[in-house]
């Protein structure tokens, strides 16, 4: 059995939505330089819908694939729907990740939430802080 699924390899070799959105409506960055995975998500939002999303990721193939898949899953979706995206959904959309690489999908979820929180903060939109509670992004490797 291969270590990585064909979808992981495809999103690693051919990542979607890579880059920066100039004048983005929201930017979220998560990660830890100590473990080597850092993700930045850029969102363009029109009428509460994510009309464009791009990412920059410094990290392993699983981190790049998770970022790429996450952008595909939220592009064109309402903010509220993007907020519901879980790391498990990202991993499932990639046909799975090895257990020791699940933190990459956690980072993708965190980057999206950080960007949406940035959007809410910039626009004075009230939100439930529990939706954005920070979790152990890289607890397994960054202690």
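The values are calculated or read from the model by the stated rules, or taken from the named source; none is laboratory data. Everything numeric here is computed off the predicted structure, so don't read it as measured data. Neighbour counts are summed over all protein chains in view; Cβ atoms, including those assigned to glycine, are modelled from backbone coordinates with ideal geometry.
Listed values, structure above:
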read-out	value
Qualifying positions in the stretch 12-21 - over 18 Å from residue 92 (Cα atoms), under 17 Å from the mean Cα position of the chain (by Cα) and either in a loop (DSSP other than H, G, I, E, B) or without any contact (Cβ under 8 Å) to a residue 40 or more places away in the chain (or both)	14, 17, 19, 20, 21
Enumeration of residues in the stretch 12-28 that are in contact with a strand residue (DSSP E or B) (Cβ under 6 Å, 6 or more places away or on another chain) and surrounded by 15 or more Cβ atoms within 10 Å (Cβ to Cβ)	17, 21, 24, 25, 26, 27, 28
Enumeration of residues in the stretch 77-110 that are in contact (Cβ under 8 Å) with a residue 60 or more places away in the chain, in contact with a helix residue (DSSP H, G or I) (Cβ under 7 Å, 6 or more places away or on another chain) and either surrounded by fewer than 20 Cβ atoms within 10 Å (Cβ to Cβ) or in a helix (DSSP H, G or I) (or both)	93, 95, 104, 107, 108
Breaking point among (1) closer than 19 Å to residue 90 by Cβ; (2) touching a strand residue (DSSP E or B) at 6+ places or on another chain (Cβ under 9 Å); (3) surrounded by 15 or more Cβ atoms within 10 Å (Cβ to Cβ), for residue 9	(2)
Lone qualifier among 26, 89, 99 - being at pLDDT below 95 and over 10 Å from the mean Cα position of the chain (by Cα)	99
Selection from the stretch 38-58 of residues that are outside any strand (DSSP E or B) and in contact with a helix residue (DSSP H, G or I) (Cβ under 7 Å, 6 or more places away or on another chain)	48
